[in-house]
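Below you'll find the structure, written out as structure tokens, and then a few comments.
The values are calculated or read from the model by the stated rules, or taken from the named source; none is laboratory data. A quick note: this is a predicted structure, and the numbers were derived from the prediction, not measured. We place every Cβ from the backbone using ideal geometry, glycine too, and count neighbours over all the protein chains shown. Areas reflect the complete protein model, heavy atoms only, side chains present, ligands, DNA and RNA absent. Shrake-Rupley method; radii C 1.70, N 1.55, O 1.52, S 1.80 Å.
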Amino acid sequence: MKRRFLIPLLLTLALGLAACGADKTPEAPPEAAPPETLQPEETPPEKVPPAQPEEDPGLPPLEGTPLTAEELAQANEAFNSYASGSEKALELGCFFTSYYEDVTELDFEEFLRYYFVESTDLEDGDKEEFQALAALPGFHWDAEDLERWGNRPSGLPVPVHRISKAAVDKTLETYAGITTADLKITNSILYLAKYNSYYNFTSDYGPGSFQPAEGVRDGDTVILRSEPVWGDGGEVIQELTLREEDGRWLIQSFTRISTENG
């Protein structure tokens, strides 16, 4: 057992002494490079195309024959809701006070807000009519308010407009081919059958507006689009669809397209 232990110890000492007594340590012969190990041939990974950035869909394309500059100019003139002295412009502006996929779904209260065709104001002499109006559900003021203002139209802070139902029906039929009987959103409307009239209380003038910047025609349909306008908290493109029927171009829808992604 002792002999086995001494042999490695003597070898260690001999190597240490040789290192101390030599002037120059001989260079160790270069180690032979290990034989190259052959690796199995690897199958190249399947090439995956790089992910493409998501494209901005932008606006849906208009399909059809583009309108000429002259046709667009004519449309701009026709839809100018602020043309002075133009009764036609006053009527058309009412169609642009709400958005709808179907013209029968326009917001009738907003339509009437600035409808002044054949509109008159109630006077203090229209006492019976005023009392009937004040008794309708949805009238804007209560009995205490009316008492304070003398129970007369002139005492109210805003004028009371009487709007002929016959005139409204004519406007709807002329520009959309419908009447008030076809409308689906008529809540909050004040109407007295005895006088065949609607009523509202606007004191200013701010009709809707639409000014086409481009458009196409496809068969009996024309689609017009505006430049970006501000609406619903961001920029939108307004889109008006018309359909030709018996030589007339009738409003079908008035919608908006957001210009913001997401």
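Quick notes on this structure:
- Accessible surface area normalised per residue over the stretch 94-191 is 50 Å², counting heavy atoms of protein chains with a 1.4 Å rolling probe.
- Whole-percent carbon and sulfur share, accessible surface of the stretch 200-241, 1.4 Å: 45
- Placing R0 at 51 angstrom, the Cβ-Cβ distance between residue 258 and residue 121 gives a FRET efficiency of 0.80 after rounding to 0.05.
- Taking amide hydrogens as placed 1.01 Å from N in the peptide plane, the amide H of residue 231 sits under 5 Å from those of 236, each at least 5 positions away in sequence or on another chain.
- J(HN,Hα) series, the stretch 188-204, from Karplus relation 6.51 cos²θ - 1.76 cosθ + 1.60, nearest Hz, glycine and proline x: 6, 8, 8, 9, 10, 4, 4, 9, 6, 9, 9, 9, 8, 9, 6, 10, 10
- Largest-first principal axis extents, alpha carbons of the stretch 137-262, Å: 58, 38, 22
- Amide H to amide H, with H built 1.01 Å from N, residue 197 comes under 5 Å of 165, 192, counting only residues 5 or more places away or on other chains.
- Stokes-Einstein D (µm²/s) once Rh is taken as the Kirkwood radius of the stretch 69-145 over alpha-carbon pairs, at 4 °C in 1.567 mPa s: 83
- Dimensions of the stretch 112-189 along the principal axes, based on C-alpha atoms and rounded to the nearest Å, stand at 44, 22, 20, largest first.
- Under 5 Å, built H, 5+ apart or other chain: amide partners of residue 210: 81
- Per-residue 3J(HN,Hα) values for the stretch 241-256, derived from phi via the Karplus relation 6.51 cos²θ - 1.76 cosθ + 1.60 with θ = phi - 60°, read 10, 10, 10, 7, 8, 6, x, 10, 9, 9, 5, 10, 7, 9, 10, 10 Hz in sequence order (x marks Gly and Pro).
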